[in-house]
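Before any comments, here is the structure.
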Amino acid sequence: MAPKVPSVRLNNGLEMPVLGLGTYMATEEEGIEAVKMAIDEGYRHIDTAYFYQNENQVGQAVRSIIAEGIIKREDVFIVTKVWNTFHAPEHVEEACQKSLENLGLDYIDLYLVHWPTGWKFSGWTADDMLPMNANGKTIDSDVDYLDTWKAMEKLARSGKVKSIGVSNFNSEQLTRLLANCEIKPVTNQVECNPGINQRKLIEFCRQHDIVITAYSPLGRPNMTDPVVGTGNIPKHALDDPRVVAIAKKHGKSPGQVVLRYLVELGTLPIPKSSKLERIRQNIDIFDFKLSADEIKLMDGFNTGGRTVPFNFSSEHKYFPFKLEF
């Protein structure tokens, strides 16, 4: 029987499963099969984005499972994101509509501003989404993310999206957003793993009733991804003998220990995998807890080093990683 995943109540009263499936770089048939396997194994939270170019696959998998009568639409929590080139308010609603059409769904459970950094709009194709100058830096727009957020609030009121949130925002950007918004973001999706455990940002968000969704919770095996950069390779908890020993004690894998650690920090991890065994392992983390000493040991891996540094946009006025958190 598939493990039961608990949910967290968001600041708008809706609930979100505390563990989901990440789908970045899961395209074509692989993406469809990964989502189907995940739902079969008990996942009810699927994370995608317009930028990932796999909303079609995610939607196809979800619709097929619904058609089989295994789940109903309200049983699955679908997250997608508005991309950086669509930040202008006149593009936000159209971007959302395109995502809905890609997914083939009537509504999106959670719609995120993917980054605080807006870029020049050139079109809607994959080739248009990374506008670069001759120096290898992004061609930025002067759109204020507060204006993007007002368009997000309009979508929330329309019913096309149930909840709205942000991704990769730092504490100063969240503070400014909270001071100027009518609808609070329900989540901030950020990189979070033992190498960058985000304790300070987690606490800041907790004080404002915003949950942290943890992407790249197990690090990032494809460290040469040209889109997000090569990043720092943090001391890897998964390979550490002490983590291996903790895993053996609990009858779990090191990856399960890491995911359990992130859940106990109060985050909602979204590990990506297309392998059935790993998909099963990643969700099977709700039948054990780490001791205070084990959590302290896991804290020791934190260096603040990012595997997703996004350096090619570092000259943007809203680049979020100039601050510690």
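Dipole orientation for the chain: of the candidates HIS114, ASN197, GLY136, ASN197 has the Cα lying most toward the positive pole (charges on Cβ; Lys, Arg +1; Asp, Glu -1). Quick one: net charge of SER314's neighbours, Cβ under 10 Å, K/R +1, D/E -1? Residues close to SER314 contribute a combined charge of +1. Where only DSSP H runs of four or more residues are counted, the chain gives -10500 deg cm²/dmol as its mean residue ellipticity at 222 nm, each run worth -39500 (n - 2.57). Quick one: net charge around PRO6, please, counting Lys, Arg +1 and Asp, Glu -1 for every other residue with C-beta under 14 Å from its C-beta. With Lys, Arg at +1 and Asp, Glu at -1, the neighbours total +1. Find which of PRO89, LEU19, ILE71 sits farthest along the positive direction of the dipole of the stretch 13-120, computed with +1 on the beta-carbon of Lys and Arg, -1 on that of Asp and Glu, about the Cα centre. The listed residue farthest towards the positive side: PRO89.
Residues PHE51, PHE86, PHE286, sorted by accessible area with the largest first, give PHE286, PHE51, PHE86 [1.4 Å probe; ligands and nucleic acids excluded].
With log10 I(q)/I(0) by the Debye sum over Cα atoms at q = 0.09, 0.12, 0.16 Å⁻¹ as the read-out, I listed (1) -0.48, -0.82, -1.30; (2) -0.43, -0.80, -1.50; (3) -0.56, -0.96, -1.34; which label goes with the value calculated from this structure? This structure yields the entry labelled (2). For the chain, the antiparallel share of DSSP beta bridges with both residues in that region comes to about 20%.
Accessible surface of LYS72, taken over heavy atoms with a 1.4 Å probe and every protein chain present, rounds to 120 Å². Its relative contact order, with pairs defined as Cα atoms under 8 Å and 6+ residues apart, puts the stretch 242-325 at 25 percent.
Based on Cβ point charges of +1 for Lys and Arg and -1 for Asp and Glu, what charge dipole magnitude is obtained for the chain about its Cα centre, in debye rounded to the nearest 20?
Numbers: 37 positive and 42 negative charges, 181 e Å.
That gives the chain a dipole magnitude of about 880 debye.
Segment TRP124..GLN207, full-extension length gain: 26.1 nm, with 0.36 nm per residue of separation and the alpha-carbon distance subtracted.
How much solvent-accessible surface does THR23 expose, in Å² to the nearest 10, with a 1.4 Å probe and all protein chains in place? Spelled out: THR23, probe radius 1.4 Å, area about 10 Å². Selection among PRO269, TYR52, GLY300 by position relative to the dipole of the chain gives GLY300 as farthest towards the positive end (Cβ unit charges, Cα centre). The length gained on full extension between ASP142 and ASP239, counted as 0.36 nm times the residue separation minus their Cα-Cα distance, comes to 30.6 nm. Checking the a/c ratio against 1.5 first, then a/b against b/c, what shape does the Cα gyration tensor give for the stretch 51-183? Cα axes put the stretch 51-183 in the oblate bin.
The values are calculated or read from the model by the stated rules, or taken from the named source; none is laboratory data. Nothing here was measured: the structure is a model prediction, and the numbers come from that model. Counting neighbours? That spans all protein chains shown, and the Cβs are built from the backbone with ideal geometry, glycine included. Calculation scope for accessible area: heavy atoms of the full protein, side chains included, ligands and nucleic acids excluded. Shrake-Rupley method; radii C 1.70, N 1.55, O 1.52, S 1.80 Å.
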